[in-house]
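Enquirer: Got a structure for you, written out below as structure tokens; questions coming shortly.
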Amino acid sequence: MLDLIVQTLEDTVSTMTTVFLMLFITGIMTEMGIFQRLSYLAKPLASISHLPAAAASTFVISLGSALAANTMIARMKDEGHLSERQAFFSAIMNSVPVYFRELFTYQLAFVVPVLGLFVGGVYALVAVSTGIIKLILVMILGRAYLAADSVASPQMLESREKKNLLGAAIKSLRGQSRMFVRMMALYFIMTFLVLYLNKEGILQSLNVLPIAHLFRVPPETVIPLTIYVASPKAGITLLGPMIQNGGISETEALMVLMLGSLFMLPVYSIRSMMPNYTSVFGIRLGLSLVAVSTGISVLVRLLVLVALLMATG
């Protein structure tokens, strides 16, 4: 138990140091009115979604760092500039750019060379499509559940008095202290819970064989499927030679990737997303964001898997 506490402290200090810096820097930039000048880049997208200009600014920030964007949303929500529903849709929207960054840093750099143009290309297309679907859902649901005049109501960015650097830094430190303490406490608790579940083997106890049989996955794909669930990169590395040597077909490889994702994504969400989102947004909103984001990702892959099964008869 002591080892778990020590590891939790190490993870908390490491992550929360980054969070503190993100909060501090975004706080300074907000106080100095910098985000006001950036928000125009994403204003059309926010306007379509019935989100305020503040959401446009955080979307621009998420192109570089989703964590920085989400800490900014959390701060604006705590200060009353964003409603919980606006914060929810903004956070979902901020999760989209990572899919396009990974297209170049992961999919084209690693997946496509290892799996080949067809399998790797389809895998990359599914990942990017997940981001596009999230963005479309935000636009549709935002127009359905957010009032059109909400775009103009939170004028935090426009009305914020511009300050010099020292004044902005002092105001940023004062504004972030209470929220940062809450975030640090929640992150410690959730990280400890995840590490404990991992140590007890609960997160590793998922048995893919019954589901593999249910979806009629060929026996020769069970090993790479199991490895993929534990480590996607290792599973992909194993699948590459199997495809090239004719051990499995390209369709079977795609089935392995989609079915493996159904197991891998929830485990990844518990291990990584849950501590991050709950520490930033609180338990209720954070868990809602994790559940919705993971649910969309899983649903997309399930639909692709069903389409593959139907195509193979």
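Enquirer: Quick test for you: out of GLY286, GLY235, GLY295, pick the one residue that is assigned to a helix (DSSP H, G or I), in contact with a Gly (Cβ under 7 Å, 6 or more places away or on another chain) and among the small types (Gly, Ala, Ser). Steps first, answer last, please.
Expert: Numbers: GLY286 fails: in contact with a Gly (Cβ under 7 Å, 6 or more places away or on another chain); GLY295 fails: in contact with a Gly (Cβ under 7 Å, 6 or more places away or on another chain).
Every option except GLY235 fails the conditions.
Enquirer: Is it true that ILE227 is touching a residue at least 12 places away in the same chain (Cβ under 8 Å) and either of a type in the set (D, E, K, R) or part of a helix (DSSP H, G or I) (or both)? Before the answer, list the steps.
Expert: Details: touching a residue at least 12 places away in the same chain (Cβ under 8 Å): no; either of a type in the set (D, E, K, R) or part of a helix (DSSP H, G or I) (or both): yes.
For ILE227, the condition - touching a residue at least 12 places away in the same chain (Cβ under 8 Å) and either of a type in the set (D, E, K, R) or part of a helix (DSSP H, G or I) (or both) - is not met.
Enquirer: Could you tell me whether any residue of segment 56-70 is of a type in the set (Val, Ile, Thr) and touching a residue at least 40 places away in the same chain (Cβ under 8 Å)? Talk me through it step by step, then tell me what you get.
Expert: Step one: of segment 56-70, the residues of a type in the set (Val, Ile, Thr) are 58, 60-61.
Those still in the list that are touching a residue at least 40 places away in the same chain (Cβ under 8 Å) too: none.
No, there is no match, as no residue in segment 56-70 is of a type in the set (Val, Ile, Thr) and touching a residue at least 40 places away in the same chain (Cβ under 8 Å).
Enquirer: Here's a follow-up. Give me the pairs: first residue in segment 289-307 and more than 15 Å from SER129 (Cβ to Cβ), second residue of a type outside the set (A, V, I, L, M) and surrounded by 17 or more Cβ atoms within 10 Å (Cβ to Cβ), beta-carbon distance under 8 Å, and six or more apart or on different chains, which are they?
Expert: Filtered contacts from segment 289-307: LEU289/PHE88; LEU289/TYR277; LEU289/PHE281; VAL290/SER269; VAL290/TYR277; VAL290/THR278; THR294/PRO266; THR294/SER269.
Enquirer: Which helices (runs of 4 or more DSSP H) sit wholly inside segment 39-78 and have at least 2 residues that are under 24 Å from LEU21 (Cα atoms) and modelled with pLDDT under 85?
Expert: 53-62, 66-78
Enquirer: Okay, next question. So, in segment 54-73, exactly how many residues are surrounded by 24 or more Cβ atoms within 10 Å (Cβ to Cβ) and of a type in the set (A, V, I, L, M)?
Expert: 7
To keep it simple, each residue is scored yes or no on (1) over 12 Å from the mean Cα position of the chain (by Cα); (2) closer than 19 Å to LYS43 by Cβ.
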residue	(1), (2)
ALA55	yes, yes
SER62	no, yes
SER65	no, no
MET72	yes, yes
ALA87	yes, yes
VAL96	no, yes
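Enquirer: Kindly check whether there is at least one residue in segment 90-105 that is under 26 Å from ILE25 (Cβ atoms), out of contact with any strand residue (DSSP E or B) (no Cβ under 7 Å at 6 or more places or on another chain), outside any helix (DSSP H, G or I) and at pLDDT 85 or above.
Expert: yes
Enquirer: A further question on this structure: For TYR123, work out the one condition from (1) over 28 Å from ARG182 (Cα atoms); (2) at pLDDT below 90 it doesn't fulfil.
Expert: (2)
The values are calculated or read from the model by the stated rules, or taken from the named source; none is laboratory data. Treat the numbers as computed from the prediction; the structure is a model and nothing was measured. Positions of Cβ are backbone-derived with ideal geometry, glycine not excepted, and every protein chain shown enters the neighbour counts.
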